[in-house]
1. When the Karplus curve 6.51 cos²θ - 1.76 cosθ + 1.60 is applied with θ = phi - 60°, which whole-Hz ³J(HN,Hα) does each residue of the stretch 11-20 get, with x for Gly and Pro?
2. According to a simple spin-label model (label point 7 Å from Cα along Cα-to-Cβ), what is the distance in nm between R85 and F63?
3. With 10 angstrom as the radius, rank T23, T8, T50 by how many other C-beta atoms surround their C-beta, starting from the fewest.
4. Expressed as a whole number of Å, what is the distance separating the alpha-carbon centroids of the stretch 33-50 and the stretch 1-27?
5. Could you go through the stretch 22-28 in sequence order and give the Karplus-derived ³J(HN,Hα) for each residue, using 6.51 cos²θ - 1.76 cosθ + 1.60 with θ = phi - 60°, rounded to whole Hz, and x for Gly and Pro?
6. Let me make sure I get this right: for the stretch 1-118, a, b and c are the square roots of the gyration tensor eigenvalues over alpha carbons, sorted descending. Under 1.5 in a/c it's rounded, otherwise prolate if a/b > b/c, else oblate. Which is it?
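Every number here is computed from the coordinates shown, using simple stated rules; none is lab data. Keep in mind the model is a prediction, meaning the values are calculated, not measured. Positions of Cβ are backbone-derived with ideal geometry, glycine not excepted, and every protein chain shown enters the neighbour counts.
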Amino acid sequence: VVRRVWCTLPDDERARLPAAGLTALAAHSMLAGPAVPVAALSEAAWRELTDRLPSLRTADEAFDGAVELELWSYEPRILMDPAARCVDRYSLFLSLQAEAESDERIAQALEAMNLETSVGRGRWCAWAGWPARSDAAAGSCLQEGATKPGARPGVPAAT
């Protein structure tokens, strides 16, 4: 997610966008959806949308009747889950990491979604491109040979 904007969108435009953020997580978990729905599109698609709809009301924070748009560096509709009308689960997982660190409910919902798709923590790390093992005690991914999260084998940990 490059940045977030809030705007009023016509229903037909909103229907074309995949749910993202907490709205998408609510679709895959027992969490209630947020008061302000969240959708995603690429920055390029956002520029095109604002060119097509110059009277679009936008803001840098939520307002009544707004939709929160996550502007992504790539087009999220390419990987969209068509059945759920949501961004793909990998991107959703990665996009909510900051929120998961500060909200245990989000962390638990992501973990449940993770297990539901049979993609354990170690597999998420392997998907990211490096061999990993799961460390349940630390609750995060460790590269093989590392002794704590974020450490790389053979590289002294920063103090």
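1. Karplus values, whole Hz, x for Gly and Pro: 4, 5, 5, 5, 5, 7, 9, x, 5, 9.
2. About 2.5 nm separates the two model spin labels.
3. Fewest-to-most ranking of T23, T8, T50: T50, T8, T23.
4. Spelled out, the Cα-based centre of one part sits 5 Å from the other.
5. Coupling constants for the stretch 22-28: 5, 5, 5, 4, 4, 5, 10 Hz.
6. In terms of gyration-tensor shape, prolate.
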